[in-house]
Amino acid sequence: MLTAPIENENFKYEHLLSSLQNLEEIKSFSVAKETGKGLEFYLKERAEAEERTGGNRTYLVRDKETNEIAAYFSLHTGSFTIKSVDNGDEIQYTIPSVELSNFAVNSVYRANHPEMKRIGEQVFKRFVLPAVHYGAQLFGVQALHIYALPYDDLLQHYSSFGFSRLPSEMEAFVHTNIKPDYDRHCIFMYQIL
């Protein structure tokens, strides 16, 4: 059975509610880009409540040496439905999935540690993907999906992590039928596990 690593050579991660101190320390988390301020707001104002209701699981990624918060990510289960045509018949498929609902690097940490490169990539490849694969060993999951902010550089960034967009007709179907209202301006992207 797979296990989800909780540390690598640079970082470790922990559940948001594993310590009351975490709730105090997230107050200094910052996202430099104005377009990412919603991610900062979520961590500071909504993450604890969604933890308590079971709506999301949020993890803080810390520097192993300094214990500073370097990044955070949130996951919850979900699914998405796509449609296709088979021998002239329209068929809909529901794919069990995990949503990477929030993901941000702390700009304060980045400024304090300019020598640390590709923080987001490290967090994604070393912690997010293994956690999702671990979950897939426990319950049925076939994909990881996100609703990315609609900026070309960000969409390209997620593409470099292995996410793809659906063909335009299927993307329109997903956006019309299952996209949460709070993600109304975002672009659906996914990767099959």
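The values are calculated or read from the model by the stated rules, or taken from the named source; none is laboratory data. If you're wondering where the values come from, they're calculated on a predicted model, not measured in any experiment. Note: ideal-geometry Cβ built from the backbone for every residue, glycine included; neighbour counts use all protein chains shown. Each accessible area value is taken on the protein alone, full model and side chains, heavy atoms only, with ligands, DNA and RNA left out. Shrake-Rupley method; radii C 1.70, N 1.55, O 1.52, S 1.80 Å.
Values computed for the structure shown
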quantity: Search result, residues across segment 85-106 that are assigned to a strand (DSSP E or B) and either touching a Gly at 6+ places or on another chain (Cβ under 6 Å) or in contact (Cβ under 8 Å) with a residue 24 or more places away in the chain (or both); calculated: Ile95, Pro96, Ser97, Val98, Glu99, Leu100, Ser101, Asn102, Phe103, Ala104, Val105
quantity: Some residue of segment 125-134 being in contact with a Pro (Cβ under 9 Å, 6 or more places away or on another chain) and of a type in the set (A, V, I, L, M); calculated: yes
quantity: Out of Ala136, Ala111, Ala131, sole residue that is assigned to a helix (DSSP H, G or I), surrounded by fewer than 16 Cβ atoms within 10 Å (Cβ to Cβ) and of a type in the set (A, V, I, L, M); calculated: Ala111
quantity: Contacts under 8 angstrom Cβ, first residue in segment 20-40 being part of a helix (DSSP H, G or I) and β-branched (Val, Ile, Thr), partner open to solvent by less than 30 Å² (accessible area, probe 1.4 Å) and at pLDDT 95 or above, 6 or more apart; calculated: Ile26/Leu16; Ile26/Leu43; Ile26/Ala47; Ile26/Leu60; Ile26/Ile69; Ile26/Tyr72
quantity: Hey, Tyr72 over 30 Å from Met170 (Cβ atoms), open to solvent by 40 Å² or more (accessible area, probe 1.4 Å), modelled with pLDDT of 90 or more and in a strand (DSSP E or B) or not; calculated: no
quantity: Positions within segment 30-48 being charged (D, E, K, R) and either over 24 Å from Tyr151 (Cβ atoms) or open to solvent by less than 10 Å² (accessible area, probe 1.4 Å) (or both), in sequence order; calculated: Glu48
quantity: Near pairs, Cβ below 7 angstrom, 6+ apart or cross-chain, from segment 139-159 (assigned to a helix (DSSP H, G or I)) to any residue that is small (Gly, Ala, Ser); calculated: Leu154/Ala148; Leu155/Ala148; Tyr158/Ala148
quantity: Selected residue [open to solvent by less than 70 Å² (accessible area, probe 1.4 Å), among the hydrophobic types (A, V, I, L, M, F, W, C) and assigned to a helix (DSSP H, G or I)] from Phe188, Phe124; calculated: Phe124
quantity: Among residues of segment 49-69, those that are assigned to a helix (DSSP H, G or I) and surrounded by 16 or more Cβ atoms within 10 Å (Cβ to Cβ), counted; calculated: 2
quantity: Tally, over segment 83-101, of residues that are open to solvent by 30 Å² or more (accessible area, probe 1.4 Å) and of a type outside the set (S, T, N, Q); calculated: 9
quantity: Enumeration of residues in segment 161-175 that are in contact (Cβ under 8 Å) with a residue 24 or more places away in the chain and among the polar types (S, T, N, Q); calculated: Ser164
